[in-house]
Every structure is written in C-alpha cells, then in structure tokens.
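The numbers here are math on the coordinates, done by the rules we state, and not lab data. What you are looking at is a predicted structure, and each value in this text was computed from that prediction instead of being measured. Cβ placement follows ideal geometry from the backbone for every residue including glycine, while neighbour counts extend to all protein chains displayed.
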Amino acid sequence: MDEQEFKTRADQALTDLYRRLSATAEEHDFEVDFNAGALAIEFETPPAKFVVSPNSPVSQIWVSAHSKSFKLDWDPARAAFALGGQTLAELMGDAVGQQLGEKVTL
C-alpha cells in the first residue's frame, strides 16, 4: 500500500473509532479527543491515557494502552487494521473495557 492509500485508510479507521468511542464515552466515564490525526482517550478513575495514532513510514496504526504498545497492520481479508485477529475497534473495546472493569463493545 502506498503512503496516500495508507493515509486514507488510517483516517477512515480513526474517524470511525472516534465515533464509536464518543458514543461509548456518553455511557461511561472517559473522554475522547481527535486532534492532529491522533486519538487520545483519558480516564479519571483509575487515571490513564490511551493514544491511537497512524505511523505512515511503516503503514501501521499504533496504540499505546495499559503501558503496552500495539502495532496494527492493514488486513485486506477483514478490510481493517488488525493485530492477532482483532480489529482496531475490537482491540480498543477490550482495552477500554479492561480500564473500566466492564465489557465494552465498540
């Protein structure tokens, strides 16, 4: 995938994730911000911050959550960025759910 195709797919994936997280944030206690092409998810109790950002040089979306780094590649079969069989939305649903102590589906 060339750089322009990556940017288009990454922007679509992050915009979709932002919409899903924003809807979920209304029901739970966290805030989500989409600024300069990256998403920041902040929790007050317990305090934490997750960051989701595109990394153009390697055509990946990087997620920083729970003191770990996740690097998602484009999966043509799922038409989504994925890691270990989980899409970006599934991975973030699990991460947010773990932080909140309850199941979260995005």
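Table for the structure above
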| quantity | calculated |
| --- | --- |
| Furthest towards positive pole of dipole, G37, H66, A48, structure part the chain, Cβ charges | H66 |
| Helix 88-100 axis, angle to the chain major axis (alpha carbon atoms, nearest 10°) | 20 degrees |
| FRET efficiency, Q98 to V51 (Cβ-Cβ, R0 22 Å, nearest 0.05) | 0.85 |
| Cβ-derived FRET efficiency at R0 35 Å, D29 paired with R78, nearest 0.05 | 0.70 |
| Reachable lysines, given that their alpha-carbon falls under 24 Å from the alpha-carbon of K103 and they are not under 8 places away in the same chain | K49, K68, K71 |
| Ranked list, fewest to most other Cβ atoms within 10 Å of each Cβ, for T8, T45 | T45, T8 |
| Value of [θ]222 nm, deg cm²/dmol, for the chain, DSSP H segments ≥ 4, -39500 (n - 2.57) each, nearest 500 | -11500 deg cm²/dmol |
| Length released on extending from F43 to Q12, taking residue separation times 0.36 nm less the Cα-Cα span | 8.7 nm |
| Residues W62, W74, sorted so that the one with the fewest Cβ neighbours within 10 Å comes first | W62, W74 |
| Size of electric dipole in the range 3-98: Cβ of Lys, Arg +1 and of Asp, Glu -1, about Cα centre, debye, nearest 20 | 320 debye |
| Cα gyration tensor shape for the range 3-98, rounded if a/c is under 1.5, else prolate or oblate | prolate |
| Share antiparallel - DSSP beta bridges, the range 3-98, percent rounded to 5 | 100 percent |
| Degrees separating the helix 3-25 axis from the principal Cα axis of the chain, which is the longest one | 20 degrees |
| Mean separation of Cα contacts under 8 Å (6+ apart) over length of the chain, as relative contact order % | 18 percent |
